[in-house]
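Novice: Pasting a structure below so you can have a look.
The values are calculated or read from the model by the stated rules, or taken from the named source; none is laboratory data. What you see is a predicted model; the values in this text were computed from it and never measured. Counting neighbours? That spans all protein chains shown, and the Cβs are built from the backbone with ideal geometry, glycine included. Only protein heavy atoms, including side chains, enter the accessible area calculation; ligands, DNA and RNA are left aside. Shrake-Rupley method; radii C 1.70, N 1.55, O 1.52, S 1.80 Å.
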Amino acid sequence: MAERGGPEPIKGKFEGKDIVSVGQFERSDVEMVMAEADEMRCMVEEQGRSDLLDDLVVANLFYEPSTRTFLSFEAAAKRLGAATISTQGVEFSSISKGETLEDTVRTVQQYADTIVLRHEEEGAARIAAEFSERPVINGGDGVGEHPTQALLDIYTIEDTFGPFAALKVAMVGDLKHGRTVHSLARLLALDSPHTKLYYVSPPELTMPDDVIESVGPNLQEEVGDLHDVIDEVDVVYMTRIQKERFDSAEEYERLRGAFILDPEMMKRAKENTIIMHPLPRVDEISPAVDVDKRSRYFEEVQNGMYVRMALLAMVHGRSIRQP
Ligand code: NCD
């Protein structure tokens, strides 16, 4: 079977493309996703579902734990009429028998029209895309990227501040292992050249150099403590310390709880600052913050479904506006 090569830049055309990395996107491509996601939101609010993809099958291959990303791709496909075939966890798949990702992908594409992949290895989605003739969507590849989460984060930010806002954004927690912040930092830099990113992490968990390089030196700054910036940022993007990425339990225990957002800290945040988190949360946001009207993390979950509906339609050259 023919191989299709690496992920192509989108350049205004989503049909047949893989969604592997935010590096494929230009600002105008992000705008197209935001516009389609808006339409999906209206459609769901008005009629709940549509038949736009009712001739298609979406395969959700989730080899790493997931609640939101898995269920939101399931819900997104089903709200557009597509059928889903899904597998969760390596233990129930032929990977546990030693099958390569290449062979799994070659097999699954015989059944499905799109493959959504979550995998513990960085670069897995890129490899899957090379071997699949069907569009592959990266649902998170190890410590690599999480492009659909970053798109839903942008959707949530623009929903509050509008497009192209010059925002100050603090990314807090495990920036080394957090794939959501790797993708979001890059997309935010694309979103507005006036965005300023503050990276707040323990010294052991700083943002990787390749992300810093691709964002550009003027737009970002490492700060040691959330206290230093909480009163000036527009967005606080909290992340969990990623226990499963640590070699030693002691190291994780030492670093967890490094930054905790609680009502006391929220008193210092601006009135229109929003609090985001890709979830799952462990203890980095105190539950008492949930009732604060500035919290947006559960709203993000809903936005994720609209953005994933948009992407599933777009990679098949379809739009809810022009069925
Ligand atoms: C994130 C992930 O899996 O990268 N969760 C998600 O997809 N919403 C964040 C995390 O696991 O901490």
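Novice: Considering only the range 295-323, state which residues are within 16 Å of the ligand (Cβ to nearest atom), part of a helix (DSSP H, G or I) and of a type outside the set (Asp, Glu).
Specialist: The answer is Tyr297, Phe298, Val301, Gln302, Asn303, Gly304, Met305, Tyr306, Val307, Arg308, Leu311.
Novice: Related question: For the range 280-300, how many residues are open to solvent by less than 20 Å² (accessible area, probe 1.4 Å) and of a type in the set (A, V, I, L, M, F, W, C)?
Specialist: The total comes to 2.
Novice: Any residue at all in the range 66-76 that is among the β-branched types (Val, Ile, Thr) and open to solvent by 40 Å² or more (accessible area, probe 1.4 Å)?
Specialist: yes
Novice: If Leu101 meets every condition in (1) in contact with a Phe, Trp or Tyr (Cβ under 7 Å, 6 or more places away or on another chain); (2) open to solvent by 10 Å² or more (accessible area, probe 1.4 Å) apart from one, which number is that one?
Specialist: Single failed check for Leu101: (1).
Novice: How many residues does the range 37-65 contain that are modelled with pLDDT of 95 or more and either buried (at least 22 other Cβ atoms within 10 Å of the Cβ) or among the hydrophobic types (A, V, I, L, M, F, W, C) (or both)?
Specialist: Result for the range 37-65: 14.
Novice: Test Arg256 against the criterion of being open to solvent by 50 Å² or more (accessible area, probe 1.4 Å), away from the ligand (no atom under 16 Å from the Cβ) and not small (Gly, Ala, Ser), and give yes or no.
Specialist: The answer is no for Arg256.
Novice: Taking into account only those residues within the range 191-215 that are open to solvent by 10 Å² or more (accessible area, probe 1.4 Å) and among the hydroxyl-bearing types (Ser, Thr, Tyr), which is nearest to the ligand (Cβ to nearest atom)?
Specialist: Ser201
Novice: Which of the residues that make up the range 174-190 are more than 16 Å from the ligand (Cβ to nearest atom) and either open to solvent by less than 10 Å² (accessible area, probe 1.4 Å) or among the β-branched types (Val, Ile, Thr) (or both)?
Specialist: If the condition is that a residue be more than 16 Å from the ligand (Cβ to nearest atom) and either open to solvent by less than 10 Å² (accessible area, probe 1.4 Å) or among the β-branched types (Val, Ile, Thr) (or both), then Leu188 is the only one that fits.
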